[in-house]
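The values are calculated or read from the model by the stated rules, or taken from the named source; none is laboratory data. Everything numeric in this text was worked out from a predicted model, so none of it was measured. With ideal geometry, Cβ positions are generated from the backbone for all residues, glycine too; neighbour counts draw on all protein chains shown.
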Amino acid sequence: MIEDDLLAAFARLEALTPPTGPVRAAIERATVRRRRRRFRLRLGGTALALVAAALAGFTAIAPQRGETANLLTEPAPPKPTAALNVLLVGVDGNDGRPFRIADSVLLVHVPADRSRLYLVSLPRFLEVSLPGHGKDKLGYTFLKGAGEPRPDLGRGYQATRAAVADTLGVRIDAGAVLTYPVVRKLTDAVGGVEVCLPQRVRSLHTDRVFPAGCQRLDGNASVDLLRQRSKLPDGALDRDRNAERYAAGLLHRIGERGALTNPVVLDTLLRQLGTGLITDTGDTSLPALVSAAGEAADAEPVGVVPPGSHVEKPDLRFRLDPALGPGFLDALRADRLGEWITAHPGQVTRLR
């Protein structure tokens with residue numbers, strides 16, 4: 001009897017039941033939106049890592065400072081409109097070799113007008129102040145911060161970041177620790193990188209010869225070139241300039257492949273590079289950083305080395321030029337690097 005009453009009640013109310021099609025469609029749309037949002041965020045992190053690799057000529061291993069997972073639940077911060085400074089620290093080390101001092105330190109300046117990227121190579125012998133340690137060479141701040149015998153890359157990065165911010169008087173908005181090993185994978189994944197050299201370079205490590213002019217390098221050749229300094233006319237300064245040239249070529253190649261705008265290409269690169277591409281984003285979201293760098297990357301980047309020279313006594317140091325150095329620092333702090341470079345074209349690295 002009860003069963004019959006229930007069947008009759010359901011029959012009377014069936015006409016009032018809303019159709020299931022629209023409800024199911026709404027559920028599916030919500031599911032797709034959530035999936036797309038997660039996909040965009042994952043790609044945002046990957047894109048920033050690729051931008052970092054492209055700008056520095058190494059591959060990010062990065063100190064984990066920002067929590068990427070939190071971006072899934074928290075509203076995205078507003079898009080930054082001011083100038084940005086991204087610090088990339090290149091360390092010559094891998095699983096088979098202990099990490100040593102920072103070989104390359106690159107400050108990527110993204111101006112507020114997003115007109116182009118400025119690649120500022122900071123010499124590893126640049127004299128900096130270390131809290132509690134007096135003055136030392138910039139390259140050694142990483143090793144002292146990371147510690148031995150098992151270096152902590154995150155602490156090494158934080159020590160280098162603090163030294164750069166204090167010495168230059170600029171805010172560091174984001175950064176990464178970068179090493180050589182995966183550059184081979186990245187370079188080969190994009191089909192090689194064109195590097196334009198102003199002079200012939202012979203490798204001290206492999207005896208490979210890199211002729212003057214533009215040439216397409218694979219991963220092994222790229223790493224070999226980036227390690228060279230002792231036989232170059234300006235030594236470490238020329239190595240920094242070659243890192244800028246490689247960076248410009250890699251950035252151009254990634255742009256040609258559409259990796260920063262095509263999710264399929266970007267995801268393919270991600271799978272080839274593997275995991276571990278985490279960056280220090282500071283207070284800025286990954287998508288916002290990628291967007292800002294992407295706007296500025298439309299124009300050819302400009303490489304620049306701070307005005308100064310190496311002083312050998314009491315030991316080898318790089319010191320800013322007393323006449324030009326203050327003006328360079330003022331221009332960097334005030335986001336007027338373009339004006340300063342126009343007035344001092346001799347400080348610009350010819351990338352192509």
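Here are some conditions: (1) closer than 17 Å to Val105 by Cα; (2) outside any helix (DSSP H, G or I); (3) of a type outside the set (S, T, N, Q). Gly139 meets all but one. Which one does it not meet?
Going through (1) closer than 17 Å to Val105 by Cα; (2) outside any helix (DSSP H, G or I); (3) of a type outside the set (S, T, N, Q) one by one, Gly139 breaks only (2).
Restricting to the range 304-328, name every residue that is within 20 Å of Arg171 (Cα to Cα) and crowded, with 18+ Cβ neighbours inside 10 Å.
Val304, Val305, Pro306, Leu320, Phe328
Restricting to helices (runs of 4 or more DSSP H) lying wholly in the range 172-258: which have 1 or more residues that are without any contact (Cβ under 8 Å) to a residue 12 or more places away in the chain and either small (Gly, Ala, Ser) or surrounded by 20 or more Cβ atoms within 10 Å (Cβ to Cβ) (or both)?
Of the helices (runs of 4 or more DSSP H) lying wholly inside the range 172-258, those with at least 1 residues that are without any contact (Cβ under 8 Å) to a residue 12 or more places away in the chain and either small (Gly, Ala, Ser) or surrounded by 20 or more Cβ atoms within 10 Å (Cβ to Cβ) (or both) span 236-257.
Among the residues of the range 146-167, is any within 24 Å of Leu316 (Cβ to Cβ), in a strand (DSSP E or B) and at pLDDT below 85?
So far as the range 146-167 goes, no, none of its residues is within 24 Å of Leu316 (Cβ to Cβ), in a strand (DSSP E or B) and at pLDDT below 85.
State whether the residues of the range 304-323 include one that is at pLDDT 65 or above, in contact with an Asp or Glu (Cβ under 7 Å, 6 or more places away or on another chain) and assigned to a loop (DSSP other than H, G, I, E, B).
Yes, there is a match, as at least one residue in the range 304-323 is at pLDDT 65 or above, in contact with an Asp or Glu (Cβ under 7 Å, 6 or more places away or on another chain) and assigned to a loop (DSSP other than H, G, I, E, B).
Is there any pair with a first residue in the range 303-314 that is over 18 Å from Asn242 (Cα atoms) and in contact (Cβ under 8 Å) with a residue 12 or more places away in the chain and a second that is surrounded by 15 or more Cβ atoms within 10 Å (Cβ to Cβ) and of a type in the set (Val, Ile, Thr) whose Cβ atoms are under 9 Å apart and which are 6 or more apart or on different chains, and what are they?
Going by the 9 Å Cβ cut-off, there are no qualifying pairs.
Against the definition (in contact with a strand residue (DSSP E or B) (Cβ under 9 Å, 6 or more places away or on another chain), hydroxyl-bearing (Ser, Thr, Tyr) and modelled with pLDDT under 75), how does Thr261 come out, yes or no?
Considered against the rule, which asks whether it is in contact with a strand residue (DSSP E or B) (Cβ under 9 Å, 6 or more places away or on another chain), hydroxyl-bearing (Ser, Thr, Tyr) and modelled with pLDDT under 75, Thr261 comes out as no.
For the range 230-255, which positions are among the basic types (Lys, Arg) and modelled with pLDDT of 85 or more?
Arg239, Arg241, Arg245
What are the residues in the range 149-167 that are touching a residue at least 24 places away in the same chain (Cβ under 8 Å) and more than 19 Å from the chain's Cα centre (by Cα), if any?
Pro149, Pro151, Asp166, Thr167
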